[in-house]
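Please treat every number below as a calculation from the coordinates, not as lab data. Given the structure is predicted, the values throughout are model-derived calculations rather than measurements. Backbone-built Cβ (ideal geometry, glycine too); neighbour counts: all protein chains shown.
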Amino acid sequence: MKFTALAFVFTASSAWAFTPSATIGRTSTSLHKTIPKFDEVCETTGVTLTRFMSEVAMLNPEISELTTLFGAIDTSCKAIANLVKRSQLPSSSTLGLEGEVNIQGEDQKKLDVITNDLLKRALRFTGKLGVLASEEEDEPVDLAKNEGEKASLLVEETEKYVVVFDPLDGSSNVDAGIPTGTIIGIYEHDDNCAIDEVKPDVCLANTLQPGTSLVAAAYCLYSSSTFLVLTLGSGVFMFTLDENIGEFVLSKPNVKIPETSSIISFNEANIEKWDAPMKETVYNWRNGTGKSGKKFSSRYIGSMVGDVHRTLLYGGVFGYPGDTKNKNGKLRLLYEGAPMSFIMEQAGGLSTTGTERVMEIVPKQVHQRVPVIMGSKNDVQEVIDAYAAAGN
């Protein structure tokens, strides 16, 4: 089987970038990015996520432990997809509310709790994880705590990661059959957090890292198909679940968002409460008086993963700006804003609060909210310019 080698180099920001690499049968000296090239057999059967991560790990042993984490993510997303599909059946035990309120003050659906526990357990038993933070957890969870001797030894001797996630984004829409998703961000764990040292506050604070420190990010979309989209800091790769073989198969090897578009994806019912620069920019887009001269149309689902997925493929701007009621918007920085911004930027787009890059914001608390405007480069830049002109 012939394939073009994927090559990564480590950078100071813990991101990974493609570098020119030799390929079987030809030499590539000018390409900054290369993508797998497979023979007819692979083009027929597809390149699975497992094979993809194995090739990356083989070429880059320093990130080989990510293969185990993505194996857990792969399995979790398949399980969650099945739970979501079956949730409306009368025999399902996932219908309705759990009867609890999470740290956000939101009523937890049974699916919120089930998917959170599913992801937590799958990631925990990889042995590669030190700490995780979730939308459904009040505080970060130290996965090395209270483990048996064997588990402690495993965590101690392997490179640990910090994983942050929203287990079921858009869960309030499940009953209506609207797309939902899972958002995941992966950071490196602080090596100073040794198990034999008592530093709970320091270790749990490992979750409070800016998006620029992300090692990888991914989301799963549960819709007409089940998609898994990921970045290791070297472009964006989209996989689609082939239910006949039970595997995620590479469907788009190098996702690039159009630089300009004519689609907006906002909850425009709040437009009168937005900051003046944001409001005026959207009015201009509606009227065709923006920089592109195009009249923008609206496409809004109300589930971040679904809206961002469409924006990645078709272009446009997705956002949840701050307003007079919610000055910092509604989206959480750590496990929604930063991972999705990482993916968006790796696809060639931009992500901003209007006044600063989302990826550069250092979280002060796990569930911190932040305004988010992301999408096509030229259109988002128009928002940034409007805020700058207004002196914000």
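Per-residue extension of 0.36 nm, minus the Cα-Cα distance of residue 85 and residue 172, leaves a gain of 29.9 nm for this segment.
The distance between label points at residue 245 and residue 300 comes to 4.1 nm (points 7 Å beyond Cα on the Cα→Cβ vector).
Amide H contacts under 5 Å for residue 226: 241, restricted to partners 5 or more places along the chain or on a different chain, H placed in the peptide plane at 1.01 Å from N. Residues whose amide H falls under 5 Å from that of residue 180, counting only those 5 or more places apart or on a different chain, are 222, with hydrogens built in the peptide plane.
For region 338-392, what does the alpha-carbon gyration tensor say about shape, rounded, prolate or oblate, given a ≥ b ≥ c as the root eigenvalues, a/c under 1.5 as rounded, and a/b over b/c as prolate? Since a/c reaches 1.5 but b/c is at least a/b, the shape of region 338-392 is classed as oblate. Here each label is just a point 7 Å from Cα along the line to Cβ, and for residue 326 and residue 289 those points are 2.9 nm apart. log₁₀ I(q)/I(0) of region 251-371 at q = 0.14 Å⁻¹, via Debye over equal Cα point scatterers, no solvent, to two decimals? Log10 of I(q)/I(0), two decimals: -0.59. Quick check: net charge around residue 268, other residues with Cβ under 12 Å of its Cβ, Lys/Arg +1 and Asp/Glu -1? The answer is +2.
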